[in-house]
Amino acid sequence: MFIDDIVPPICYYCAAYLKEGLLCEDCSNQLSYIHPMAARSRRDGRFLFLWDYQGLPAFLIKRWKFNRDIIARDVILFCIDSYLSEFKDEFADIDFVGFIPMHPLKKRFVRWWNPASVIARYISNKLNIPLMDVLSVRLFKPELHKIRDGDLRLKKIRNSFRIKEDALKELVAASREIRLLLVDDIVTTEATFKEASYTLVKAVNNIIVKGFVLCG
Ligand SMILES: [Zn+2]
């Protein structure tokens, strides 16, 4: 006897009864992603993102990040997998995949639980692009996540990142232009993303930073 014979399956998000699967049709539709062209025009080409930060996508990321929910993680990775297959060309010129780190004091965000890190590894594996552990967090600013104003956030976050020594050596030694895909989970004010890119561009001459984000 299977569990479905005793308890009928319900949608993971809205709890509607289902015949099969994990999500009902309405909820599945919430996961159709934003086309790269639309994402680019909405964020001035600064990064690609899959979804707006709302509804089911926001729910899944929070479940993954704060509740360590592996179902939420796997649903997101499944979506990323099909996005990468569909828009492979978007990643054709990338030399390295990196990610925005979380502060090491946040023990619950060990490397396997920081979505940005897991997604970067996934992209690296799937598209066969080397992973570069490129940044570390230098300053811990616990109040930062509460600041919603973009300019103020950018001011506060200034100099928060440091390029890791090995990565810096490799980047500086490159004789040609390097394109780095920087992965993050959620970008709202862009302050973190801008500061991370700025840190890299300031230190390395021939680097172009492209972004890949779940919710933008
Ligand atoms: Zn549903």
(message) Only Cα pairs within less than 10 Å get springs; with that Gaussian network setup on the chain, which residue of Gly21, Gly98, Gly55 has the largest fluctuation?
(response) Gly21
(request) Give Lys19/Lys88; Lys65/Lys169; Lys62/Lys126; Lys19/Lys126 a once-over and call out the pairs whose C-alpha atoms are over 27 Å from each other. (result) Lys19/Lys88; Lys65/Lys169; Lys19/Lys126
(request) Convert each backbone phi in the range 172-178 into a coupling constant with the Karplus relation 6.51 cos²θ - 1.76 cosθ + 1.60 (shift: θ = phi - 60°), then list the ³J(HN,Hα) values in order as whole Hz, x for Gly and Pro. (result) 5, 6, 5, 8, 10, 5, 10
(request) Work out the length of the dipole vector of the chain about its Cα centre, built from +1 on the beta-carbon of each Lys and Arg and -1 on the beta-carbon of each Asp and Glu, and round it to the nearest 20 debye. (result) 1220
(request) Show which aspartates and glutamates lie in cross-link reach of Lys164 when reach means a straight Cα distance below 17 angstrom and same-chain residues fewer than eight apart are skipped. (result) Asp133, Glu195
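Return the FRET efficiency for the residue pair Phe87, Ala174: r is the Cβ-Cβ distance, R0 is 30 Å, and the value is rounded to the nearest 0.05. Provide the component values of the computation, followed by the final result.
Working: r = 26 Å, r/R0 = 0.86.
Efficiency computed from Cβ-Cβ geometry: 0.70.
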(request) Would you please give the residues with an amide H less than 5 Å from that of Tyr53, counting only those at least 5 places away or on a separate chain, with H modeled from the backbone geometry? (result) Gly216
(request) Search the structure for amide H atoms under 5 Å from the amide H of Arg179, placed 1.01 Å from N in the peptide plane, and list their residues when 5 or more places away or on another chain. (result) Asp95, Phe96, Ile208
(message) For a quick size check, give me the Cα extents of the chain along its three principal axes, largest first, whole Å.
(response) 61, 39, 33
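Take Val172, Val137 and order them by how many other Cβ atoms sit within 10 Å, fewest up front.
Val172, Val137
Only the coordinates and a few stated rules stand behind these numbers; no lab work does. Bear in mind that the values here come from a model prediction, so they are computed numbers and not experimental data. We place every Cβ from the backbone using ideal geometry, glycine too, and count neighbours over all the protein chains shown.
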